[in-house]
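The values are calculated or read from the model by the stated rules, or taken from the named source; none is laboratory data. Given the structure is predicted, the values throughout are model-derived calculations rather than measurements. Please note: Cβ atoms are built from the backbone with ideal geometry, for glycine as well, and neighbour counts cover all protein chains shown.
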Amino acid sequence: MSALVGRVRALPSVQVTLSIALLVLGFLVAAQIAAEGPRVSYSTQERSPLIETALGLQTQQEALKASILDLRKQIGDLEAQDPGAAESLKKLYSQLEDARLAAGLVAVSGKGIAFKLEDATQASGPDALVSAQDVRTLVEQLWLAGAEGISVNGERIVGSTAVIDIGGSILVNSAYLAPPYTISAIGPPDLYDRLQQSVAFIQFVQGRVEPSGLKLSVAQLDKVELPAFAGTVALRYAQPAPSGATP
Amino acid sequence: MTAPRRPLTTGNRISVGLVAALLGFLVVGQLNAQQAVPGLSNLSATDLTQLIANLTTGNDQLRNEIADLTSQEASLSDTHNRGDTTVGDLNSDLARIRAWAGLTAVTGPGIAITVQGQIGGDGIEELLNELRNAGAEAIAIDGIRVVTGSVVAGPPGGLSIENDALGDGFEIRAIGSPQILTGTLTRTGGVIAQIGATYPGARLTVTPLESMTLAATERNLDLTDAQPSL
């Protein structure tokens, strides 16, 4: 052993440095080739333009949502600085703020919990992937347990939100979300306790998550931040009903 | 006794420099590969086409929203510049948001779905999710408005919404395009067909309606645990 150490010490330092560097180089080349493998398989003439288009549309969507939030802020600022500032106007503005808050158009924070739901790593097949149904179930159970606001990977859940499957990922508010999914909720201090007492939640964990090998973890947090809903609130078909109209 | 260390020759320095540069290049390449949009590479051509269709429709809606907001912002600015009060603008904005959130009654065309037989809460939630995806702007079940936080839960025969039990037969009404809503629900392999496979005892019938009125929610949507972020 001491002879080997002696021989290594006898080597010029540059050779040792180069050997280590080449070793790392070889490792990285192998890793790079391995990483390129799947990409080569999808970069066919058919799919590559589709991926480029989808990426372009996603970038557009992010910019459009940012513009909406910016415009809503500008409108809120203009509404807040009315020169009249009469009492009736202040009341009207307060009602508007309350409506925006109730509608999910304002970013909120508070105590709550965050779930992380991940695909199975030790299993394969469709059941090993988190589905839109799984995310919806968790969201529904959180509402039933008393959550006041929920987001999935930064997309605020509101009355018009649809969560649908797309391949092994999901669409929420038309935004493409890939796993792992973080489902954040603000609610009463005992939100998680209430959830644990829910038969449907226990069935979800024992009947779906555990047998399929999905990974579900939870953290109780002093501060959960939920973004504002950045989608459309325009009504094309529904109009406020005239007063006195009955269903 | 160790061998004396020789200083690096120019050739050695160039070799080490080249290897270091190559290493840096590969490390960056590796990091970029790992940061590629997750999931997209796993989608089939059919999934990608569906995603593109969804993103395109969603972006069109966002553009319309931006046009509405720009117009609203311009109107407010004009009002301010004239020195007038913004009562009209505020009332209009308030009516729009309250209607969208389910805080006021709304009227419009849409569909009625009668539900009979044995079906679980998950089946009805699946149906509601599909209605939202098809562009339903307001939904009510047996007159109870479905809003943020509303959930239909329970086993077949024991369904409830907002703590109100739903009977053996009930009706779901949705305002939106009657053609789009009907087509989406009833297409081959659509949500009604899927529910039929899961709950063979359930019978769902869709009827387009020219006009309907859906009541405001009675649910309290005021927030007590969540506070506006500063």
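Check whether at least one residue in the range A:121-134 is touching a Pro at 6+ places or on another chain (Cβ under 7 Å) and more than 20 Å from B:SER229 (Cβ to Cβ), and report yes or no. Yes - at least one qualifying residue is present in the range A:121-134.
For the residues A:SER160, A:SER151, the requirement of being part of a loop (DSSP other than H, G, I, E, B), touching a residue at least 24 places away in the same chain (Cβ under 8 Å) and under 30 Å from B:ALA215 (Cα atoms) singles out A:SER160.
Of the numbered criteria (1) at pLDDT 95 or above; (2) in contact with a Pro (Cβ under 9 Å, 6 or more places away or on another chain); (3) not hydrophobic (A, V, I, L, M, F, W, C), the one A:GLY168 fails is (1). Screening the range A:74-114 for residues that are assigned to a loop (DSSP other than H, G, I, E, B) and modelled with pLDDT under 95 and picking the one that is surrounded by the most Cβ atoms within 10 Å (Cβ to Cβ) gives A:ASP82. For the range A:163-184, the criterion of being in a loop (DSSP other than H, G, I, E, B), more than 14 Å from A:PHE115 (Cβ to Cβ) and more than 17 Å from the chain's Cα centre (by Cα) is met by none of the residues. Considering the conditions (1) among the β-branched types (Val, Ile, Thr); (2) at the interface with chain A (Cβ under 8 Å from one of its Cβ atoms); (3) surrounded by 16 or more Cβ atoms within 10 Å (Cβ to Cβ), B:THR57 is excluded by exactly one of them, (3). Restricting attention to the range A:190-212, the residues that are surrounded by 15 or more Cβ atoms within 10 Å (Cβ to Cβ) and of a type outside the set (A, V, I, L, M, F, W, C) add up to 5. Give just the number: which of (1) touching a strand residue (DSSP E or B) at 6+ places or on another chain (Cβ under 7 Å); (2) assigned by TED's automatic domain parsing to the domain that holds B:ALA112; (3) surrounded by 14 or more Cβ atoms within 10 Å (Cβ to Cβ) does B:ASP225 not satisfy? Result: B:ASP225 passes all but (2).
Show the residue pairs that are 6+ apart or on different chains and have beta-carbon atoms under 8 Å apart, the first residue being within the range B:68-85 and facing chain A (nearest Cβ under 7 Å), the second being at pLDDT 90 or above and outside any helix (DSSP H, G or I). Qualifying pairs under 8 Å: B:ASP68/A:ALA234.
Residues checked against (1) under 20 Å from B:ILE161 (Cα atoms); (2) among the aliphatic types (A, V, I, L, M):
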| residue | (1), (2) |
| --- | --- |
| A:GLY110 | no, no |
| A:ALA114 | no, yes |
| A:SER124 | no, no |
| A:VAL130 | no, yes |
| A:ALA145 | yes, yes |
| A:ILE150 | yes, yes |
| A:ASN153 | no, no |
| A:ILE157 | yes, yes |
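Only one entry of A:GLN203, A:GLN239, A:GLN197 meets the criterion of being in contact with a Gly (Cβ under 7 Å, 6 or more places away or on another chain) and polar (S, T, N, Q), and that entry is A:GLN239.
Residue-by-condition table, conditions (1) modelled with pLDDT of 75 or more; (2) surrounded by 15 or more Cβ atoms within 10 Å (Cβ to Cβ); (3) touching a strand residue (DSSP E or B) at 6+ places or on another chain (Cβ under 6 Å):
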{"position": "A:VAL5", "(1), (2), (3)": "no, no, no"}
{"position": "A:VAL16", "(1), (2), (3)": "no, no, no"}
{"position": "A:PHE27", "(1), (2), (3)": "no, no, no"}
{"position": "A:SER48", "(1), (2), (3)": "yes, no, no"}
{"position": "A:GLU52", "(1), (2), (3)": "yes, no, no"}
{"position": "A:GLU62", "(1), (2), (3)": "yes, no, no"}
{"position": "A:ARG72", "(1), (2), (3)": "yes, yes, no"}
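Of all residues in the range A:166-215, those satisfying the criterion of being within 9 Å of another protein chain (Cβ to nearest Cβ), touching a residue at least 12 places away in the same chain (Cβ under 8 Å) and not hydrophobic (A, V, I, L, M, F, W, C) are A:GLY168, A:ASN173, A:SER174, A:TYR176, A:PRO179, A:GLY187, A:PRO188, A:PRO189.
Here is a yes/no grid of residues against (1) surrounded by fewer than 16 Cβ atoms within 10 Å (Cβ to Cβ); (2) assigned to a helix (DSSP H, G or I); (3) aliphatic (A, V, I, L, M):
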{"site": "B:GLU65", "(1), (2), (3)": "no, yes, no"}
{"site": "B:LEU76", "(1), (2), (3)": "no, yes, yes"}
{"site": "B:HIS80", "(1), (2), (3)": "no, yes, no"}
{"site": "B:ASN91", "(1), (2), (3)": "yes, yes, no"}
{"site": "B:ARG98", "(1), (2), (3)": "no, yes, no"}
{"site": "B:GLY110", "(1), (2), (3)": "no, no, no"}
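Across the range B:158-210, the qualifying residues are those that are surrounded by 14 or more Cβ atoms within 10 Å (Cβ to Cβ), in a loop (DSSP other than H, G, I, E, B) and of a type outside the set (Phe, Trp, Tyr), and the one among them that is modelled with the lowest pLDDT is B:GLU162. Taking the criterion of being away from chain A (no Cβ under 11 Å) and farther than 26 Å from B:ASP222 by Cα, the residues of the range B:125-170 that qualify are B:LEU127, B:PRO156, B:GLY157, B:GLY158, B:GLY167, B:ASP168, B:GLY169, B:PHE170. When B:ALA95, B:ALA134 are checked against the criterion of being of a type in the set (A, V, I, L, M), touching a residue at least 12 places away in the same chain (Cβ under 8 Å) and touching a Ser or Thr at 6+ places or on another chain (Cβ under 9 Å), B:ALA134 stands alone in meeting it.
Filtered by the rule that a residue be facing another protein chain (nearest Cβ under 9 Å) and acidic (Asp, Glu), the range A:133-164 gives A:GLU140, A:GLU148.
Checking each residue in the range A:215-245 for being assigned to a loop (DSSP other than H, G, I, E, B), exposed (fewer than 15 other Cβ atoms within 10 Å of the Cβ) and in contact with a strand residue (DSSP E or B) (Cβ under 8 Å, 6 or more places away or on another chain) picks out A:PRO242, A:ALA245.
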